[in-house]
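The structure under discussion appears below in the form of structure tokens.
What follows draws every value from the coordinates through simple rules; no lab data is involved. Since the model is a prediction, treat every value here as computed from it, not as a measurement. Using ideal geometry, Cβ is built from the backbone for each residue, glycine included, and neighbour counts are taken over all protein chains shown.
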Amino acid sequence: MKEECKVLLDTLNKVTACYRHLVLTIGGTSDSKSLREELKKTSQKAQDLAVANRNKLTAILKDKNVSHEDKAEVERLWVLFSSCMEILEVDMRRALELSHEFPLNVPAKHLLQTGMTGGTSGVVARAMSVHNLKYEADHNIDVIDLKELEDEINQVEEMMYEMEMKVNVPHWTIEAKQVPGAELKSTVSVGASSVSMISTNDNKSCDLSKLVAGIIFTAVLIIAIILAVCVVKLS
């Protein structure tokens, strides 16, 4: 059950990241009817996964037979899930604002030249294939139904409120599995070791160059002395 929760949460994270990527293209050169349809599908998928995550995690947290260790791990997953939901809500609100600013059915409204070009179907395809969910595509959609998006935002907000009421897991009570910035430190240490290796190699190369230069200088000096002696004798 715990492993299944991890898989569901990982899937939700990936779909949420995909949704953010699509939201950032609204009003850009990649914006189109197809993009707006993909936004709706990805948003719906994220909400379905959110409900599945909530149900799984809530069931485990309310189970009194769960061991203390497993409960602590599930509480950590709950906090991650809550954070993911907050990000999803923010992105949905951003999508609503941008869709108001850049409606596709108004030809006079110029889109932003963001420099982001190319199709977004590849990104969506990866996210949609993470979990086997089926959606009915409506090919007659011109633009995102803003009223429907507002309703979805309200549903997400309401679900987050219910989550806080049903399960009380304060974020500050969860212990992290690693010290803050551990990933950054590990990256820095790897980078420092790489720089150290490069510096060592550079020093070795520098020493070799100095040795070669010294030999050449000595050879030139000896030849100059011999020539000087020859000139003196000939004169």
Original post:
Taking R0 as 25 Å, what's the FRET efficiency between Lys147 and Ile87 from their Cβ-Cβ distance, rounded to 0.05?
Top reply: 0.60
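Among Lys6/Lys64; Lys33/Lys56; Lys14/Lys64; Lys6/Lys41; Lys6/Lys40, which pairs are too far apart, with a Cα-Cα distance over 27 Å? Could the numbers behind the result be given before it?
Values: Lys6/Lys64 20 Å; Lys33/Lys56 35 Å; Lys14/Lys64 31 Å; Lys6/Lys41 23 Å; Lys6/Lys40 25 Å.
Over 27 Å apart, Cα to Cα: Lys33/Lys56; Lys14/Lys64.
Using a 10 Å cut-off on Cβ atoms, rank the peptides 147-155, 65-73 from the highest mean neighbour count down. Please list the in-between numbers first.
Values: 147-155: 13.7, 65-73: 11.7.
Result, highest mean first: 147-155, 65-73.
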Original post:
Which of the peptides 7-18, 216-227, 36-47 is most tightly packed, and how do the rest follow, judged by the mean count of other Cβ atoms within 10 Å per residue?
Top reply: 36-47, 7-18, 216-227
Original post:
So, in nm, how far is label Glu69 from label Asp48 when the simple model puts each one 7 Å beyond its Cα toward the Cβ?
Top reply: 3.6 nm
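Could you line up Lys62, Lys56 from fewest to most neighbouring Cβ atoms inside 10 Å?
Numbers: Lys62 10, Lys56 20.
Lowest count first: Lys62, Lys56.
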Original post:
Using a basic spin-label model with each label point 7 Å from the Cα along Cα→Cβ, how many nm lie between Thr218 and Tyr161?
Top reply: 8.7 nm
Subject >> Gain on full stretching of the segment that runs from Lys33 to Lys62 - 0.36 nm per residue minus C-alpha separation >> reply: 6.1 nm
